[in-house]
């Protein structure tokens, strides 16, 4: 029985957009091609700390327990040796940084490989080894048309090799409900209080998320909507800077930094808000937009990154210039006042239906199955 190898940064020890995408990708591949053996190589996951659900015909290889300075080298050597030894039907590189090894294997033993690209990982690539590996892949799967278009503009790649496989969401976990009373009590809010929400990792290397732009917009928003409150969900190294900004703007009484929120409370936090806003300019796609829409929330994203795809060019939400504080301010005020000229924003159940139809699990499965059918790799 032939094998499929997937190389991933991690899946279990941390849940970000890439991890959620790759977890779904593996599960769908197993449904489409159940008779294959799967070897999943996880660079940063540690078996001791991983809660691993059941996966059919799958063997996991963990490298997160290794000393970090040696990990990259040992991981690269291992995926090269396994690829040479097993000569799988297909290698799927879950990050562009792994692709030079895939290229070597193709040159040595002819193993075909696919690459999955997300956002900043695939923008402005200058390393010659990565450029060569991108050009020689059988397929490149991009989670957004924005990233695809940037790759085509920046790299010498055959357009026929790049296909779209947008992110998906678990619609069963995100539904339209009333504002949860226990969260209103936890944060000292009232049911009628206008609430803005952002869900993002507060990482000092990812300041493009736009939550600081919401803070800069808040003073003027408060002039129009006195009791507005901003909830920022997430943890990370950028928190100290954000706390200083909140203090400098005198916003301590209208901003809540929740820190880490467990998965089982995420849906409730989306339903707590009246508008979800993340005017980013570096998102490859942004699963949080889909989650907010599945909860029926008016959603704001930036017009310079993958949010364009997530919000269907503005059909499902509002796209703003992430550097224009005045535009962000005006948009939030109009949405909270119920006067923004986009009727769909105020139809929660219809918003939910449309995002599930466009980006639900079944659509993801259909798209991946169609992509596999166009290959001659014998995957199915």
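The values are calculated or read from the model by the stated rules, or taken from the named source; none is laboratory data. Nothing here was measured: the structure is a model prediction, and the numbers come from that model. Heads up, the Cβs are rebuilt from the backbone with ideal geometry, glycines too, and the neighbour counts pull from every protein chain shown.
Okay, here's what the table says:
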{"item": "Filter pass, residue 162 being buried (at least 22 other Cβ atoms within 10 Å of the Cβ) and closer than 17 Å to residue 22 by Cβ", "result": "no"}
{"item": "Filter result for residue 179 (closer than 20 Å to residue 270 by Cβ, in contact with a strand residue (DSSP E or B) (Cβ under 9 Å, 6 or more places away or on another chain), in a loop (DSSP other than H, G, I, E, B) and modelled with pLDDT of 95 or more)", "result": "yes"}
{"item": "Number of the exception - residue 279 against (1) buried (at least 23 other Cβ atoms within 10 Å of the Cβ); (2) more than 18 Å from the chain's Cα centre (by Cα); (3) closer than 30 Å to residue 360 by Cα", "result": "(2)"}
{"item": "Filtered residue count, the stretch 216-237, keeping only those that are closer than 26 Å to residue 185 by Cβ, surrounded by 14 or more Cβ atoms within 10 Å (Cβ to Cβ) and over 19 Å from the mean Cα position of the chain (by Cα)", "result": "8"}
{"item": "Residue among 189, 197 that is over 25 Å from residue 7 (Cα atoms), under 21 Å from the mean Cα position of the chain (by Cα), modelled with pLDDT of 95 or more and not in a helix (DSSP H, G or I)", "result": "197"}
{"item": "Condition check for residue 300: more than 15 Å from the chain's Cα centre (by Cα) and under 19 Å from residue 213 (Cα atoms)", "result": "yes"}
{"item": "Boolean, residue 213 is in the same structural domain as residue 281 (by TED's automatic domain parsing), surrounded by 14 or more Cβ atoms within 10 Å (Cβ to Cβ) and either closer than 23 Å to residue 193 by Cα or at pLDDT 95 or above (or both)", "result": "yes"}
{"item": "Single residue of 246, 231 found to be touching a helix residue (DSSP H, G or I) at 6+ places or on another chain (Cβ under 9 Å), in a helix (DSSP H, G or I) and modelled with pLDDT of 95 or more", "result": "246"}
{"item": "Spans of helices (runs of 4 or more DSSP H) in the stretch 318-380 with at least 3 residues at pLDDT 95 or above and buried (at least 17 other Cβ atoms within 10 Å of the Cβ)", "result": "325-337, 348-359"}
{"item": "Those residues of the stretch 285-313 which are out of contact with any strand residue (DSSP E or B) (no Cβ under 6 Å at 6 or more places or on another chain), farther than 13 Å from residue 144 by Cα and assigned to a helix (DSSP H, G or I), in sequence order", "result": "290, 291, 294"}
{"item": "Residue 89 being in contact (Cβ under 8 Å) with a residue 60 or more places away in the chain and out of contact with any helix residue (DSSP H, G or I) (no Cβ under 7 Å at 6 or more places or on another chain)", "result": "yes"}
{"item": "Among the candidates 213, 281, residue that is in contact (Cβ under 8 Å) with a residue 12 or more places away in the chain and part of a helix (DSSP H, G or I)", "result": "213"}
{"item": "Residue 80 being touching a helix residue (DSSP H, G or I) at 6+ places or on another chain (Cβ under 9 Å), without any contact (Cβ under 8 Å) to a residue 12 or more places away in the chain, outside the structural domain of residue 261 (by TED's automatic domain parsing) and over 21 Å from residue 143 (Cβ atoms)", "result": "no"}
{"item": "Qualifying residue in the stretch 62-70 (condition: in contact with a strand residue (DSSP E or B) (Cβ under 8 Å, 6 or more places away or on another chain) and within 25 Å of residue 139 (Cβ to Cβ))", "result": "no"}
{"item": "Single residue of the stretch 238-264 satisfying the filter (under 24 Å from residue 177 (Cβ atoms) and without any contact (Cβ under 8 Å) to a residue 12 or more places away in the chain) that is surrounded by the most Cβ atoms within 10 Å (Cβ to Cβ)", "result": "264"}
{"item": "Top-ranked residue in the stretch 115-133 [being more than 24 Å from residue 289 (Cβ to Cβ) and surrounded by fewer than 23 Cβ atoms within 10 Å (Cβ to Cβ); ranked as nearest to the chain's Cα centre (by Cα)]", "result": "125"}
{"item": "Close pairs (7 angstrom Cβ cut-off, 6 or more residues apart or separate chains): in the same structural domain as residue 268 (by TED's automatic domain parsing) in the stretch 172-190, assigned to a helix (DSSP H, G or I) and loosely packed, with under 13 Cβ neighbours inside 10 Å anywhere", "result": "176/349"}
